[in-house]
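Participant: This structure is in structure tokens; I'll ask about it shortly.
The values are calculated or read from the model by the stated rules, or taken from the named source; none is laboratory data. What you see is a predicted model; the values in this text were computed from it and never measured. Cβ atoms come from the backbone with ideal geometry, glycine included; neighbour counts cover every protein chain shown.
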Amino acid sequence: MPPDRMTHVQPAEFAVEARPLAYVSAKTLGVLMDISESTIWDWTRKGHLPKPRKMPSGATRWKWSEVETFIDGAAGSPDDADPILRASRGR
């Protein structure tokens with residue numbers, strides 16, 4: 001194409017809204033909480049995290065709102081004496 005016929009077209013801008021998390025895998029939960037997948041399973045077994053749900057596809061997922069409630073509910077726990085755990089909860 002000759003240079004006089006070239007036109008530059010700006011890409012369209014789209015407003016992308018973040019979707020709220022609904023169900024997350026052990027891998028995603030580990031990334032969000034900055035811990036390993038094995039720790040996710042260990043904490044679930046020990047009751048530090050809610051039990052996951054089995055999806056119709058066979059996948060195992062945690063309901064994010066339940067995980068948040070568990071984390072918020074742990075705010076008054078004896079673990080507050082531990083500065084690392086306290087910092088991980090944003091306090």
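Residues are listed down the side, and each one gets a yes or a no for (1) surrounded by fewer than 15 Cβ atoms within 10 Å (Cβ to Cβ); (2) touching a helix residue (DSSP H, G or I) at 6+ places or on another chain (Cβ under 6 Å); (3) at pLDDT 90 or above:
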site	(1), (2), (3)
P3	yes, no, no
E13	yes, no, no
V16	yes, no, no
S25	no, no, yes
I40	no, yes, yes
R45	yes, no, yes
M55	yes, no, yes
A59	yes, no, yes
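Participant: Here is a further query. Kindly indicate whether any position in the range 73-81 is of a type in the set (S, T, Y) and modelled with pLDDT under 70. Break it down into steps so the answer makes sense when it comes.
Facilitator: Step one: of the range 73-81, the residues of a type in the set (S, T, Y) are 77.
When the remaining residues are screened for being modelled with pLDDT under 70, the result is 77.
Checked against the condition, which is being of a type in the set (S, T, Y) and modelled with pLDDT under 70, the range 73-81 yields at least one hit.
Participant: Taking the range 50-69 as the search range and keeping residues that are outside any strand (DSSP E or B) and among the β-branched types (V, I, T), which one is nearest to M33 (Cα to Cα)? So that I can check it myself, show each step before the final result.
Facilitator: So in the range 50-69, the residues outside any strand (DSSP E or B) come out as 50-52, 55-59, 64-69.
Checking which are among the β-branched types (V, I, T) leaves us with 67, 69.
Values: V67: 10, T69: 14 Å.
Selected residue: V67.
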